[in-house]
Amino acid sequence: MGWGPWPSDPFLEFIKASCELYKLSCVVCDVEMAQCIIKGLESGKTRVLFHLDCTAEYEDPPDLFGRLAYAARDGGAFCVNEPDRAKLSTNKAVLHYHFEQADIPVPYTIVVRNWVPSHFRLTREERKKLGKPFIIKPSRGYGRQGVAQVHNGTIREIARARRYDQGDDFLLQSLIVPEWFGHRLGWFRIFYLFGQVIPCWWDMNNGHYSLVSAEEFEKYQLHSLCGVMWDIARTTQMNFYSTEMAVTGKGAKRSVVTIDYVNDPPDMTLQSFSHSGVPDLLVRRIAEGLTAAAWRVKHGLEPTEKLSIWLVH
């Protein structure tokens, strides 16, 4: 595991405990250990069968944990998220293009490249399609950082939002208004793990997660969320990530829209530690699923058994 500077974390402890049950060795790589493992992999003295990255930044050149992921892959390890694919997932502008090509539903979007001058203007047609207000977000942003709501679409508003990172591309996207499902808005954070889809209700105002129950899943006919997640997995070839989605409209006009494309790695902060954390039961399930995949790889099996959906009662 490429883990970084955190000495202890409940998600890490869940993985360690699960590895003990599966009788697997688990090497947690901080900076010092990552350097040691990279050296061993490159010399052929160390063999890694399964690699999980939780902290790499895949820039050019990649940081130490990015190098660890590449060294593991080049040494024959199965990487939960193959580093070239993981690097691609950090760029929303690139993913937007791939999603459109794969017919994955996305908001109306205008990509503003970093070399486009700050005084550029939207055309009348672009303004009409974006509507008011609309969203502007950095291509390489994460955790909703740098995301801004633009009310009038003036040169000054857009230029101000782009100052968050002047070296990045920006996405201008129409504002999505979700449908109500009982007392909940149809806004979701959905996790994908080796073919398994785990949907959560997500409150965009306070970041609170709630697991989708089997009863809610059937009552509100949320099956289409899972179909989109499997399409994303086929398009990105990622094995572990989360995606933000919304459901809009009613009846024949109902549709799923992918809002935040691929989060890798997903935040695994426990809900018992933070109001905006992931439900503890889900974090434990993901730790067990990752360990089970490692056990399967060790025994020469495919890491993914079958497509499935994980719900609570």
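A few notes on this one:
- Among 41-54, 190-203, sorting by the average number of other beta carbon atoms lying within 10 angstrom of each residue, highest first, gives 190-203, 41-54.
- Straight-distance crosslink candidates among aspartates and glutamates, where the alpha carbon sits under 14 Å from LYS128 and sequence neighbours closer than 8 are dropped: none
- Fully extended contour minus Cα-Cα distance, from GLU305 to ARG113, at 0.36 nm per residue: 65.1 nm
- Kirkwood Rh, Cα atoms: Rg over Rh of the chain: 0.98
- The radius of gyration of the Cα set in the range 180-309, together with its Dmax, comes out at 14.9, 47 angstrom.
- Distance between the range 61-90 and the range 191-246 - C-alpha centres, whole angstrom: 25
- Dividing the convex hull volume of the alpha-carbon atoms in the range 270-313 by its residue count gives 84 Å³ per residue.
- For the range 180-309, the number of Lys pairs separated by eight or more positions or lying on different chains, with C-alpha atoms closer than 30 Å, is 4.
- Ellipticity at 222 nm from helices only: DSSP H runs of n ≥ 4 in the chain, each -39500 (n - 2.57), divided by the residue count, give -10500 deg cm²/dmol.
- A simple charge model with +1 on the Cβ of Lys and Arg, -1 on the Cβ of Asp and Glu and nothing else charged puts the dipole of the range 180-309 at about 260 debye relative to its Cα centre.
- Eligible aspartates and glutamates near LYS137 by straight Cα distance, threshold 16 Å, same-chain separation 8 or greater: GLU157, ASP165, ASP168, ASP169, GLU244, ASP260
- The long axis of helix 64-74 is offset from the longest Cα principal axis of the chain by roughly 70 degrees.
- Column: log10 I(q)/I(0), Debye, Cα scatterers of the range 10-89, q = 0.11, 0.19, 0.23, 0.27 Å⁻¹: -0.28, -0.84, -1.15, -1.38
- Those trypsin sites (Lys or Arg not before Pro) in the range 214-313 that DSSP places in a loop and that have at most 10 other beta carbons within 10 Å: LYS250, LYS306
- Relative contact order (%) - criterion: Cα under 8 Å, at least six apart; region: the range 108-174: 50
- Rel. contact order, % - alpha carbon contacts under 8 angstrom, at least six apart, the chain: 19
- Dipole in debye (nearest 20) - the chain, about Cα centre, beta carbon charges: Lys, Arg +1; Asp, Glu -1: 920
- Shape box of the range 108-174 [Cα atoms, principal axes, largest first, Å]: 28, 24, 17
- Over the range 216-313, relative contact order from alpha-carbon pairs under 8 Å, at least 6 apart, %: 15
- Beta bridges per DSSP with both ends in the range 180-309, % antiparallel, nearest 5: 90
- Lys/Arg +1, Asp/Glu -1 at C-beta; the range 108-174 dipole; positive extreme among GLN166, HIS151, VAL116: HIS151
Bear in mind that the values in this text are calculations on the coordinates, not laboratory data. Keep in mind that this is a model prediction, so the values were computed, not measured. As a convention, Cβ positions derive from the backbone with ideal geometry for all residues, glycine included, and neighbour counts pool all protein chains shown.
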